[in-house]
Amino acid sequence: MRILPVALALVAALACPAARSAAAPVAAPAPPVLPGPAAAPGVGVVADFLAAYRDAVLGLGTGHTPSEVRADRLTPQLNARLDAWADEHRADPVFRVAGAVPDGWTLRGEGAAGGLAFVVVTEEFPAGRPAVRVRCVVRAADRAVVDLEDAL
């Protein structure tokens with residue numbers, strides 16, 4: 001039976017870091033979606049966006065830039081507002097801080113109405129930086145993020 005040798009080779013390759021290519025960047029593991037139902041409208045969209053954006057900022061994963069990730073997942077109107085926010089605040093417009101990338105976050109669905117889903121994100125940063133809360137709005141029809149602003 002050939003399945004056993006193939007399975008053992010696969011397990012060995014995954015368990016041994018030297019067997020993996022050091023040249024290929026590896027995406028950072030996405031922080032878990034903790035509070036609230038994971039199936040809440042928009043939560044998955046926001047979780048996927050944040051993970052892809054963080055990987056882009058860190059230079060990991062698919063090789064896309066943060067601008068490319070934003071262009072793919074956000075509306076052009078929101079992108080323009082975030083560019084203006086970044087210019088005014090001299091900070092990352094998604095993570096809302098300068099010089100730091102969150103090492104985790106939690107997402108909470110805040111309901112849906114009129115084809116829009118509302119998600120509050122609490123971004124956790126290393127080295128004792130305070131958490132940042134943002135509110136995202138996802139359009140259900142095309143799963144695009146249409147708004148991102150500071151949450152109170």
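Quick notes on this one:
- Taking the stretch 82-96 as the range and being crowded, with 17+ Cβ neighbours inside 10 Å and in a loop (DSSP other than H, G, I, E, B) as the test, the residues that pass are D92, P93, V94, F95, R96.
Yes or no, residue by residue, for (1) modelled with pLDDT of 95 or more; (2) closer than 15 Å to T122 by Cα; (3) of a type in the set (V, I, T):
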| residue | (1), (2), (3) |
| --- | --- |
| A13 | no, no, no |
| R20 | no, no, no |
| V26 | no, no, yes |
| V33 | no, yes, yes |
| A40 | no, no, no |
| V46 | yes, yes, yes |
| F49 | yes, yes, no |
| A80 | yes, no, no |
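The values are calculated or read from the model by the stated rules, or taken from the named source; none is laboratory data. Everything numeric in this text was worked out from a predicted model, so none of it was measured. Cβ atoms come from the backbone with ideal geometry, glycine included; neighbour counts cover every protein chain shown.
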